[in-house]
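My questions all concern the structure below.
The values are calculated or read from the model by the stated rules, or taken from the named source; none is laboratory data. A quick note: this is a predicted structure, and the numbers were derived from the prediction, not measured. Because the Cβ atoms are built from the backbone with ideal geometry, glycine has one as well, and the counts that use them run over all protein chains shown. Areas reflect the complete protein model, heavy atoms only, side chains present, ligands, DNA and RNA absent. Shrake-Rupley method; radii C 1.70, N 1.55, O 1.52, S 1.80 Å.
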Amino acid sequence: MMGLIRYGLLLSLVAPAMAEEALKAYNTYQSQPFVVGQGGLAADVVSYLNGKLKGKYQFTLSTVPRERLNSTVINDPKFKGVVLFMSPQFVGDADKTRFRWSAVLMEDANGVLSHPAKKIEYVNPDTLKGKRFAGILGNKYAGLEERFGKDIYRDDVATELANLQKVASGRSDVTIMSQSIYRYLIKHNGLDGKLHVSATPHISFSRHIFAAKAEDKLVTALDEVMAASKTDPAWKALLAKYSLN
């Protein structure tokens, strides 16, 4: 009997108190800085979360096209895993009733960028009347869609960097792009001083992580990590690496 007790105690010492739950972390942003080579912001955020949630949850990054996310995760209110970098209005959940949303992961804004010699200070869609707008194929721009082809002339390409280069060279008058993307691209592609950013953005928003509606325990754990990250030098260094602070 004593031998069995000792064996049971030994098992309790070597067995983990709680098995980590393996989950996917979905990212739909395929441009820099979210994806840079084999790494990038998405990979670093997942690594940071895994380090803080060790023993509870372990995420594997899955970068997928937005269309695939829409046809799978977005249409399945009981999906497993989390989706990174989203804002409720991006997925038709402004009232936060479809999914369980984390605290703020990072603040962001869609900046209005123009050539320094022909600066554009954005006020409203009328500001862009008569302008040549550099857009991304498939992207929708709030408040501007009904103006394209009428009094705003839109020309689409496939990448954000191509649009910044078009505006910097004067081939387009203006583009709209998230701050998290244009800051990194400008810094790493020789575009410093070649673009003007309007003092007023097109829109401002916060980025979050969301999970299925029932995932209270998971999102509470994420919220605890995010609350602690505000004073964590490692998190501040991660943001600085991608020009996000």
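Answer yes if at least one residue in the stretch 152-164 is over 26 Å from the mean Cα position of the chain (by Cα), hydrophobic (A, V, I, L, M, F, W, C), open to solvent by less than 30 Å² (accessible area, probe 1.4 Å) and at negative phi, and no otherwise.
So the first thing to find is which residues in the stretch 152-164 are over 26 Å from the mean Cα position of the chain (by Cα), and the list is 152-153.
Narrowing the set further to residues that are hydrophobic (A, V, I, L, M, F, W, C) leaves 152.
When the remaining residues are screened for being open to solvent by less than 30 Å² (accessible area, probe 1.4 Å), the result is 152.
Now restrict to residues that are at negative phi: 152.
Yes: the stretch 152-164 contains one or more residues that are over 26 Å from the mean Cα position of the chain (by Cα), hydrophobic (A, V, I, L, M, F, W, C), open to solvent by less than 30 Å² (accessible area, probe 1.4 Å) and at negative phi.
Moving to a separate point now. Please pick out the residue among ASP76, ASP126 that is more than 19 Å from the chain's Cα centre (by Cα), among the acidic types (Asp, Glu), closer than 14 Å to ALA211 by Cβ and open to solvent by 30 Å² or more (accessible area, probe 1.4 Å). Before the answer, list the steps.
On the way: ASP126 fails: closer than 14 Å to ALA211 by Cβ.
Unique residue meeting the criteria: ASP76.
For the stretch 230-244, give me each residue that is surrounded by 13 or more Cβ atoms within 10 Å (Cβ to Cβ) and free of Cβ contacts under 8 Å to residues at least 12 places away in the same chain.
Just the residues of the stretch 230-244 that are surrounded by 13 or more Cβ atoms within 10 Å (Cβ to Cβ), to begin with: 232, 235-236, 238-239, 241-244.
Within the stretch 230-244, ASP232, LYS236 meet the criteria.
Additional query: Any residue at all in the stretch 30-43 that's open to solvent by 10 Å² or more (accessible area, probe 1.4 Å), of a type outside the set (Val, Ile, Thr) and outside any loop (DSSP other than H, G, I, E, B)? Please lay out each step first, then the result.
The initial filter retains those residues of the stretch 30-43 that are open to solvent by 10 Å² or more (accessible area, probe 1.4 Å), namely 30-32, 35-39, 43.
Okay, now just the ones that are also of a type outside the set (Val, Ile, Thr), so 30-32, 37-39, 43.
Going one step further and asking which of them are outside any loop (DSSP other than H, G, I, E, B), we end up with 39, 43.
Within the stretch 30-43 (the criterion being open to solvent by 10 Å² or more (accessible area, probe 1.4 Å), of a type outside the set (Val, Ile, Thr) and outside any loop (DSSP other than H, G, I, E, B)), the answer is yes, since at least one residue qualifies.
Applying the selection to the stretch 90-121, what residues are open to solvent by 20 Å² or more (accessible area, probe 1.4 Å) and under 13 Å from the mean Cα position of the chain (by Cα)?
Listed by number, the residues that qualify are PHE90, VAL104, GLU107, ASN110.
Which residues, counting only those in the stretch 99-138, are polar (S, T, N, Q), within 24 Å of TYR184 (Cβ to Cβ) and not in a strand (DSSP E or B)? Don't jump to the end; show me each part of the working.
Kept after step one, since they are polar (S, T, N, Q), are these residues of the stretch 99-138: 102, 110, 114, 124, 127.
Filter again for within 24 Å of TYR184 (Cβ to Cβ), leaving 102, 110, 114.
Result: SER102, single match.
(1) closer than 16 Å to ALA212 by Cα; (2) touching a residue at least 40 places away in the same chain (Cβ under 8 Å); (3) open to solvent by 20 Å² or more (accessible area, probe 1.4 Å): which one isn't true of MET86, the others all being true?
For MET86, the exception is condition (3).
Give the residues of the stretch 184-213 that are within 14 Å of the chain's Cα centre (by Cα) and open to solvent by 30 Å² or more (accessible area, probe 1.4 Å), sorted by residue number.
If we filter the stretch 184-213 for residues that are within 14 Å of the chain's Cα centre (by Cα), which is where we start, we get 184, 204-210.
Correct list: SER204 only.
Taking the stretch 175-213, which residues are part of a strand (DSSP E or B), of a type outside the set (Ser, Thr, Tyr) and in contact with a Leu (Cβ under 6 Å, 6 or more places away or on another chain)? Steps first, please.
To start, the set of residues in the stretch 175-213 that are part of a strand (DSSP E or B) comprises 175-178, 196-197, 203-212.
When the remaining residues are screened for being of a type outside the set (Ser, Thr, Tyr), the result is 176-177, 196-197, 203, 205, 207-212.
VAL197, ARG207, HIS208, ILE209, ALA211, listed by residue number.
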